[in-house]
Amino acid sequence: MSTMPSDRSPDSTLAFLREGYRFVGTRCDRLGTDIFQTRLLLEPTICLRGREAAELFYDEERFVRRGAMPTRGQRTLTGVGGVQGLDGADHHDRKAMLMSVMTPDAVRRLGQIFDDRWRARLPDWAGSGPVVLYDEVGKLLTEAVWAWAGVPLADADVPARTAEMHAMIEAPAALGPRHWRGRLARRRAERWAGALVDRVRAGAAPSPESSVLRVVAGHRDGTGQLLPRRIAAVELLNGLRPTVAVDRYVVFAALALHDHPQWRDRVRGDDAATEQFVQEVRRHYPFFPVAAARVRRSFQWQGHTFPQGRRVLLDLYGTNHHPGLWPEPEQFRPERFAGWRDDPYGLVPQGGGDHLTGHRCAGEWITIELMKRAVANLTGAMSYRVPPQDLALDLGTMPALPAGGLVVDGVRPLP
Ligand code: HEM
């Protein structure tokens, strides 16, 4: 039996919050390992990175999700009682409900709505001065996903709903007001989402068949019961909130086009090149740092003991930047995805494994579709300038974004 390497700190929570995306990777590099133990939030925790680690982490026989996500994450980002914290048959049932709305047709439809709204907004952007891409794309995504999901939305409410989604996404690793804004936003959002579910169930709000709203409101679990109203609200928000979060990836795509302008011509009108570009954006830029689970029953792996109940973190960012998996991982090189064979454990910005049976992100196809539409619009539907600004990404801030949200100006629609 080998002793698991340890970072030897009495508690590393503050270091994790300070170092952010690099916390696990820095220690792995220093200890010459892809596995070590530490203490986080006063609890012993095993940290892992790499392909083999991802394959282990997504083995449902070995890990459960119940009780893995810290309360601060549940009360802001995911909600309490949602699919993220379920295991076994309960998880499969809830996940199947969400995945039933992710058909190729439905994904395309959302992409088309987003596209139409982006093009319709171009004259406004052209007529205004500088445009903050993060804010504007966030609002477009809110409009698009609300329409797609069958959730009514007045034009006047778009900024407030977008801000609510942003607040939830920004809160889990934040301290102070940014965290509390996220809690408040979640309480508010669950209130209106729950009221809407009630109205749909009472037949008082029309909702298109097979829309997210209709599916969630009408879903019955294995015992034939409708989901409790609060849980239905959490799951409805699971379809909405992360779609708005794609605005971060759109900002990263714009950043990549700015830093690697040769890709503007390469992606224009070329679906294969656009796909490579989008995959590299997802691999390269920081979004979710880690995923968390707990050991179901004690087991041994590579000579190390994983005790029952132990919290385990998989370093998503570190796996996407693992030098053993990705040559020159810090370089932005979309061509690495030419001829790439999909590897469910190698590229894990949205988790790994299987979408239907495991905890891999339910919205991965949506994300890729929306990013491709955004890249097509940024390169083919408009011209713009990126004025001088601070575009640095602070890897110690989770989630990361350029401070000003990426400002563009001189927007002109292209014929
Ligand atoms: C913005 C880009 C996105 C990123 C970076 C992202 C990332 C992730 C990650 C890391 C997980 C956790 C995987 C795990 O626990 O092992 C996850 C789960 C999930 N995501 Fe996403 N996601 C994104 C977009 C979306 C979209 C667009 C949707 C829905 C429309 C969505 C819905 C979900 C759901 C429901 C889960 C929970 C799945 C489960 O526990 O079975 N996500 N996502």
Among residues belonging to the stretch 1-28 that are more than 17 Å from LEU395 (Cα to Cα) and acidic (Asp, Glu), point out the one that is surrounded by the fewest Cβ atoms within 10 Å (Cβ to Cβ).
-> ASP11
From the option list GLY138, GLY129, GLY81, single residue qualifying as over 27 Å from ARG220 (Cα atoms), of a type in the set (Gly, Ala, Ser) and outside any helix (DSSP H, G or I) is GLY129
Scope the stretch 50-59; condition in a loop (DSSP other than H, G, I, E, B) and within 11 Å of the ligand (Cβ to nearest atom); matching residues = TYR58
For the stretch 168-184, the count of residues that are in contact with a His (Cβ under 8 Å, 6 or more places away or on another chain) and part of a helix (DSSP H, G or I) equals 0
Residue identified as more than 13 Å from the ligand (Cβ to nearest atom), open to solvent by less than 50 Å² (accessible area, probe 1.4 Å) and more than 18 Å from VAL212 (Cβ to Cβ) among PRO70, PRO123 = PRO70
Quick one: is PHE36 among the aromatic types (Phe, Trp, Tyr), free of Cβ contacts under 8 Å to residues at least 40 places away in the same chain and in contact with a Lys or Arg (Cβ under 6 Å, 6 or more places away or on another chain)?
-> yes
When both residues are 6+ apart or on different chains and their Cβ atoms are under 6 Å apart, which pairs have a first residue that lies in the stretch 90-107 and is over 17 Å from GLN225 (Cβ atoms) and more than 8 Å from the ligand (Cβ to nearest atom), and a second that is among the hydrophobic types (A, V, I, L, M, F, W, C) and part of a helix (DSSP H, G or I)?
-> VAL101/VAL212; VAL101/VAL215; VAL107/TRP365; VAL107/ILE366
What tally of residues in the stretch 315-332 results from selecting those that are farther than 19 Å from PHE287 by Cβ and of a type outside the set (Asp, Glu)?
-> 3
With respect to the numbered conditions (1) out of contact with any Phe, Trp or Tyr (no Cβ under 9 Å at 6 or more places or on another chain); (2) modelled with pLDDT of 95 or more; (3) over 29 Å from ALA204 (Cα atoms); (4) crowded, with 19+ Cβ neighbours inside 10 Å, which one is the sole condition not fulfilled by VAL137?
-> (1)
The condition of being within 19 Å of the chain's Cα centre (by Cα) and part of a helix (DSSP H, G or I) holds, among ARG27, ARG72, ARG18, only for ARG72
Could you list, in sequence order, the residues of the stretch 337-392 that are open to solvent by less than 10 Å² (accessible area, probe 1.4 Å) and touching a Pro at 6+ places or on another chain (Cβ under 7 Å)?
-> GLY352, ALA381, MET382
Return only the number of the condition from (1) part of a helix (DSSP H, G or I); (2) open to solvent by 50 Å² or more (accessible area, probe 1.4 Å); (3) of a type in the set (Gly, Ala, Ser) that ALA204 does not satisfy.
-> (1)
So which strands (runs of 3 or more DSSP E) stay within the stretch 207-318 end to end and still have 1 or more residues that are within 16 Å of the ligand (Cβ to nearest atom)?
-> 290-295, 311-315
Of residues in the stretch 234-266 being small (Gly, Ala, Ser) and under 16 Å from LEU406 (Cα atoms), the one surrounded by the fewest Cβ atoms within 10 Å (Cβ to Cβ) | ALA256
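Every residue, every condition in (1) under 13 Å from ALA253 (Cα atoms); (2) within 16 Å of the ligand (Cβ to nearest atom); (3) more than 20 Å from the chain's Cα centre (by Cα), yes or no:
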position	(1), (2), (3)
PRO349	no, yes, no
ALA362	no, yes, no
ASN377	yes, no, yes
GLY404	no, no, yes
ASP409	no, no, yes
Quick check: is even one residue across the stretch 309-323 over 21 Å from the mean Cα position of the chain (by Cα), open to solvent by 40 Å² or more (accessible area, probe 1.4 Å) and under 24 Å from PHE23 (Cα atoms)?
-> yes
Looking at the stretch 267-279, is at least one residue open to solvent by 40 Å² or more (accessible area, probe 1.4 Å) and either closer than 27 Å to PHE23 by Cα or of a type in the set (Lys, Arg) (or both)?
-> yes
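Condition check ((1) within 11 Å of the ligand (Cβ to nearest atom); (2) assigned to a strand (DSSP E or B); (3) within 27 Å of GLN300 (Cβ to Cβ); (4) not hydroxyl-bearing (Ser, Thr, Tyr)) across all residues:
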residue: GLU61; (1), (2), (3), (4): no, no, yes, yes
residue: ARG66; (1), (2), (3), (4): no, no, yes, yes
residue: LEU77; (1), (2), (3), (4): yes, no, no, yes
residue: ARG109; (1), (2), (3), (4): no, no, no, yes
Number of the condition not met by PRO44 [criteria: (1) surrounded by fewer than 21 Cβ atoms within 10 Å (Cβ to Cβ); (2) under 21 Å from ARG188 (Cβ atoms)] = (2)
Scan GLY363, GLY346, GLY410, GLY352 and give me the residue that is touching a Lys or Arg at 6+ places or on another chain (Cβ under 9 Å), of a type outside the set (A, V, I, L, M, F, W, C) and within 23 Å of THR78 (Cα to Cα).
-> GLY352
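The values are calculated or read from the model by the stated rules, or taken from the named source; none is laboratory data. Small disclaimer: the values here were computed from a predicted structure and weren't measured. For neighbour counting, all protein chains shown are included, and Cβ atoms are generated from backbone atoms with ideal geometry for every residue, glycine included. Only protein heavy atoms, including side chains, enter the accessible area calculation; ligands, DNA and RNA are left aside. Shrake-Rupley method; radii C 1.70, N 1.55, O 1.52, S 1.80 Å.
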